[in-house]
1. Which members of region 34-67 meet the condition of being modelled with pLDDT under 75 and assigned to a helix (DSSP H, G or I)?
2. Mind listing whichever residues of region 16-49 are over 17 Å from residue 78 (Cα atoms), surrounded by 11 or more Cβ atoms within 10 Å (Cβ to Cβ) and touching a strand residue (DSSP E or B) at 6+ places or on another chain (Cβ under 9 Å)?
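The values are calculated or read from the model by the stated rules, or taken from the named source; none is laboratory data. None of the values given here were measured: they were computed from a predicted structure. Note that we place each Cβ from the backbone using ideal geometry, even for glycine, and neighbour counts take in every protein chain shown.
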């Protein structure tokens, strides 16, 4: 039969580290930095409900449209801005 050591210290999960619990500084930091950089260039639309449409055309990786303004075009995104996994 297996002997269990009941006196061992508490188990600590690596999922409770700052890397996983705070995406703005941890695992998703690059996405947040890109989004904040883009937000600075949106002008009046930065407080609106906008989204990135990922349809590569020509030299562009996608575009930003404003849902608050009923789908109005806001900006083009250069290639390399959106990773191929998104």
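1. Across region 34-67, the qualifying residues are 34, 35, 36, 37, 38, 39, 40.
2. Scanning region 16-49 gives 45, 48.
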